[in-house]
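A.B. asks: Please find one structure pasted underneath; my questions will follow.
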2 protein chains.
Amino acid sequence: MSDAPRPPTIYDVARLAGVAPSTVSRAFSRPGRVGAESAARVHAAAAELGYRVNPLARSTQSGRTGTVGLIVSDVTNPVHFGVIRGVEEAAADAGYTLLLADAQESEQIERTALERLLPGVEGVVLASSRSSDRAVRTVAKQRPVVVLNRIVPGVRCVTADTEAGVGSALAHLRDLGHRAVTYLAGPPASWADGRRWRALMDLGPRFGLKVGRIGSSVPTVSGGLAAAEEVRRQDPTAVLAYNDLLAIGLMRGLGEAGCRVPEQISVIGFDNIFGADFCTPPLTTVAAPLRAFGSEAFLELHRLIRRESLRPDPVLTLPTQLIVRASTAPRRQHTATGGRPRGPEA
Amino acid sequence: MSDAPRPPTIYDVARLAGVAPSTVSRAFSRPGRVGAESAARVHAAAAELGYRVNPLARSTQSGRTGTVGLIVSDVTNPVHFGVIRGVEEAAADAGYTLLLADAQESEQIERTALERLLPGVEGVVLASSRSSDRAVRTVAKQRPVVVLNRIVPGVRCVTADTEAGVGSALAHLRDLGHRAVTYLAGPPASWADGRRWRALMDLGPRFGLKVGRIGSSVPTVSGGLAAAEEVRRQDPTAVLAYNDLLAIGLMRGLGEAGCRVPEQISVIGFDNIFGADFCTPPLTTVAAPLRAFGSEAFLELHRLIRRESLRPDPVLTLPTQLIVRASTAPRRQHTATGGRPRGPEA
DNA sequence: GTGAAAGCGCTAACAA
DNA sequence: TTGTTAGCGCTTTCAC
């Protein structure tokens, strides 16, 4: 196994085909600039030897590897599925292959991964990066970079219209008779978390909703599970969770504690991930156009790579949409601890 | 942004530090083989210039990139989460970074991805590969390769003890009074699908169970949803699905058609993925040690990379375990179409 | 259209 | 311990 009988090079092919190495190189890198006769001989020889161009060697010279990188904050977070597929699709259309790296929610790991990935790709998309603006800009100086789900001044970005999304969630809650909403916060290093919280604070009063907050949770199902206790203590009638994973975990934790969703507490998530439709109850959530995120990010990256002219606005904002499912319901008439029924306000 | 003011090289550092380029190279690749004085000057100069070694250029020479690749048949399939984390963990311990590529269930895409990934990594783990044995062996000739969830003669492999898993699932069904089980097949190109089916055929009779089969489905939730119709037509009392995703989709499709799980049909999946515990009903499944799969695969790969001596058996088999949740129940006493009650057999 | 030759940034002998 | 000198496999002038 892998006894390293070194793979054939253009020299081997050249010898067998009876041409110069540079002709072999051309035959592969710019067909058309080589005679039909030579091309045929080269390809025959290459086929016989099982020759494949070595993209790495090529890239030391040309910088082209045919790959772009995508670093996600956590590959196991379904929020990235759509993004990944979007990038893959757009990349494939342009003849590129996507290489993925997982930051595992760690800035440290993200940096290492980036360092290792960067030299082998023509550009990179940073999805939900946990790095500092400064770090991102440093990377953007070395290679084309597009940032997803975040705004970093001086770098091309693709984000969602958080304000509109939060607005429609709040309108929904207001229409259901709720008078307050509690934000279940995500990781402090998340830019999206900050933006969601800010939008909630800004918009809450406008919809007549009091805004509360429960501090940082790990944005996973178990994070939500763990947060259930604190939520029960504060006993809000509606919770807006940083993301769907957290919301799903929360609903489970609440359910295990005998607190019914949505009868006692309405829960809304963010992202509309895989699973949001088959959890119990199916989750009402602020959907982001995940796939479009991915493809738009790649398209922008591709323009950067080819040094094409760019839109004047470095930030591309995509629309969001509230998906109403079964985790939200009219405000309960009794408190969980047995308070008196209260009619809705005038 | 990225105006390509070419990054500094060892030559730039060497000039600034007043040493030879090779000294700079050594200072980074094998510190210790360089004088303290020189080392200090080199590092100072490097810091000033913002120099970073170029792993690609390095690898053309040494073959070392500090990365290993993992190709998964579908990154959005939660079955790979554990595997990914397992590889990441073991790789990080050994100082390696993991680069991921997604085959999107396509042999064609898998080949392209492999081609692009291979030159940049020191070795690669193929998880649930859809390629032919021949193709896998060809790759294994170029680079260290470990195959996961499959056996390819001539290549190092890590697999699960499918027979034991299927056996415990069948024992469970038998104990619940079932007399037959239908296999909901996965993709034909999946080696695991073949093995699961074969184990079922071999073992079914031994547990007194008649074995049926419903032909290939795409191994996703929607694939399971689509298969629900055919399952209803055949109306078995128990279904063993190729994987959890299919099982979850099936349960949903069945539920939407008014067929209750597990009262009317028991459903068992494979893998114990993320979501198997919070779907409705929670899924009984044959769990594989996903994380161990990943770490063992990396460990084996690492031995291959370092050309260490290997275990005599090229195949490492990890144990499986039946996780009983709520999707299985005693065999129904009435047929779905209203047949007469029948008592359990003597 | 094709070949010769000079790199790309780095590592690895080989001397010194 | 250091510097010198070949490469690694490919691309890219630049002549022919």
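The values are calculated or read from the model by the stated rules, or taken from the named source; none is laboratory data. Keep in mind the model is a prediction, meaning the values are calculated, not measured. Every residue, glycine as well, gets a Cβ built from its backbone with ideal geometry; the counts of neighbours run over all protein chains shown.
A.B. asks: Which of the numbered conditions does B:Arg33 fail, given that it passes all the others? Conditions: (1) near DNA strand D (Cβ under 9 Å from one of its atoms); (2) more than 29 Å from B:Ala103 (Cβ to Cβ); (3) surrounded by 12 or more Cβ atoms within 10 Å (Cβ to Cβ).
C.D. replies: (3)
A.B. asks: Moving on to the next point. Could you check segment B:90-116 and list, in sequence order, the residues that are touching a Pro at 6+ places or on another chain (Cβ under 9 Å) and facing another protein chain (nearest Cβ under 8 Å)?
C.D. replies: The initial filter retains those residues of segment B:90-116 that are touching a Pro at 6+ places or on another chain (Cβ under 9 Å), namely B:105, B:115-116.
Passing the criteria: B:Glu115, B:Arg116.
A.B. asks: Ok, one more. For segment A:42-73, what are the residues that are modelled with pLDDT of 90 or more, within 17 Å of A:Tyr11 (Cβ to Cβ) and either crowded, with 21+ Cβ neighbours inside 10 Å or facing chain B (nearest Cβ under 9 Å) (or both)?
C.D. replies: A:Val42, A:Ala45, A:Ala46
A.B. asks: Residues in segment A:117-169 that are touching a Gly at 6+ places or on another chain (Cβ under 6 Å) and at the interface with another protein chain (Cβ under 10 Å from one of its Cβ atoms): how many? Before the answer, list the steps.
C.D. replies: If we filter segment A:117-169 for residues that are touching a Gly at 6+ places or on another chain (Cβ under 6 Å), which is where we start, we get A:117, A:120-121, A:124, A:137, A:143-144.
With at the interface with another protein chain (Cβ under 10 Å from one of its Cβ atoms) added as a condition, the list becomes A:117, A:120-121, A:137, A:143-144.
Number of matching residues: 6.
A.B. asks: Please work out which residue is nearest to the chain's Cα centre (by Cα), limiting yourself to segment B:79-117 and to residues that are buried (at least 17 other Cβ atoms within 10 Å of the Cβ), more than 14 Å from B:Ser131 (Cα to Cα) and among the small types (Gly, Ala, Ser).
C.D. replies: B:Gly82
A.B. asks: Using beta carbons and a limit of 8 Å, which pairs, at least six apart or on different chains, have the first residue in segment B:16-34 and farther than 18 Å from B:Gly66 by Cβ and modelled with pLDDT of 90 or more and the second one within 12 Å of DNA strand C (Cβ to nearest atom) and not in a helix (DSSP H, G or I)?
C.D. replies: Once the first residue is farther than 18 Å from B:Gly66 by Cβ and modelled with pLDDT of 90 or more and sits in segment B:16-34, its partners that are within 12 Å of DNA strand C (Cβ to nearest atom) and not in a helix (DSSP H, G or I) give B:Thr23/B:Val34.
A.B. asks: Only one of B:Thr9, B:Thr76 is within 30 Å of the chain's Cα centre (by Cα), within 14 Å of chain A (Cβ to nearest Cβ) and either modelled with pLDDT of 90 or more or within 7 Å of DNA strand C (Cβ to nearest atom) (or both). Can you tell me which?
C.D. replies: Working: B:Thr9 fails: within 30 Å of the chain's Cα centre (by Cα).
None of the others qualify; the one that does is B:Thr76.
A.B. asks: Since B:Leu70 meets every condition but one in (1) within 12 Å of DNA strand D (Cβ to nearest atom); (2) closer than 30 Å to B:Arg130 by Cβ; (3) not acidic (Asp, Glu), which condition does it not meet?
C.D. replies: Failing condition for B:Leu70: (1).
A.B. asks: Restricting the search to segment B:291-300, which residues are surrounded by 20 or more Cβ atoms within 10 Å (Cβ to Cβ) and either at pLDDT below 95 or among the basic types (Lys, Arg) (or both)?
C.D. replies: Answer for segment B:291-300, where residues must be surrounded by 20 or more Cβ atoms within 10 Å (Cβ to Cβ) and either at pLDDT below 95 or among the basic types (Lys, Arg) (or both): there is none.
Rundown of residues vs (1) out of contact with any Ser or Thr (no Cβ under 8 Å at 6 or more places or on another chain); (2) more than 22 Å from B:Tyr242 (Cβ to Cβ); (3) polar (S, T, N, Q), yes/no style:
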residue: B:Leu118; (1), (2), (3): yes, yes, no
residue: B:Ser131; (1), (2), (3): yes, no, yes
residue: B:Val145; (1), (2), (3): no, yes, no
residue: B:Ile151; (1), (2), (3): no, no, no
residue: B:Cys157; (1), (2), (3): yes, no, no
residue: B:Asp161; (1), (2), (3): no, no, no
residue: B:Leu173; (1), (2), (3): no, no, no
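A.B. asks: Please specify each residue of segment B:276-316 satisfying the condition of being among the small types (Gly, Ala, Ser), away from chain A (no Cβ under 14 Å) and within 30 Å of B:Ser62 (Cα to Cα).
C.D. replies: If the condition is that a residue be among the small types (Gly, Ala, Ser), away from chain A (no Cβ under 14 Å) and within 30 Å of B:Ser62 (Cα to Cα), then B:Ser295, B:Ala297 are the ones that fit.
A.B. asks: Also, quick follow-up: Check off (1) near DNA strand C (Cβ under 8 Å from one of its atoms); (2) under 19 Å from A:Val121 (Cα atoms) for B:Phe28 and give me the number that stays unchecked.
C.D. replies: Unmet condition: (2).
A.B. asks: Something else about it: Exactly one of (1) under 26 Å from B:Phe207 (Cα atoms); (2) surrounded by 23 or more Cβ atoms within 10 Å (Cβ to Cβ) is unmet by B:Ala127. Its number?
C.D. replies: (1)
A.B. asks: Tell me which helices (runs of 4 or more DSSP H) are completely within segment A:170-260 and hold 1 or more residues being among the acidic types (Asp, Glu) and over 30 Å from A:Arg134 (Cβ atoms), or say none if there are none. Write out each step before concluding.
C.D. replies: On the way: elements: A:191-203, A:221-234, A:244-256.
Per the criteria, A:221-234, A:244-256.
A.B. asks: Being part of a loop (DSSP other than H, G, I, E, B) and more than 19 Å from the chain's Cα centre (by Cα): is that true of A:Phe278 here?
C.D. replies: Working: part of a loop (DSSP other than H, G, I, E, B): yes; more than 19 Å from the chain's Cα centre (by Cα): yes.
Against the criterion (part of a loop (DSSP other than H, G, I, E, B) and more than 19 Å from the chain's Cα centre (by Cα)), A:Phe278 qualifies.
A.B. asks: Which of the residues belonging to segment B:252-275 are within 11 Å of another protein chain (Cβ to nearest Cβ) and among the hydrophobic types (A, V, I, L, M, F, W, C)?
C.D. replies: Those that are within 11 Å of another protein chain (Cβ to nearest Cβ) and among the hydrophobic types (A, V, I, L, M, F, W, C): B:Ile273, B:Phe274.
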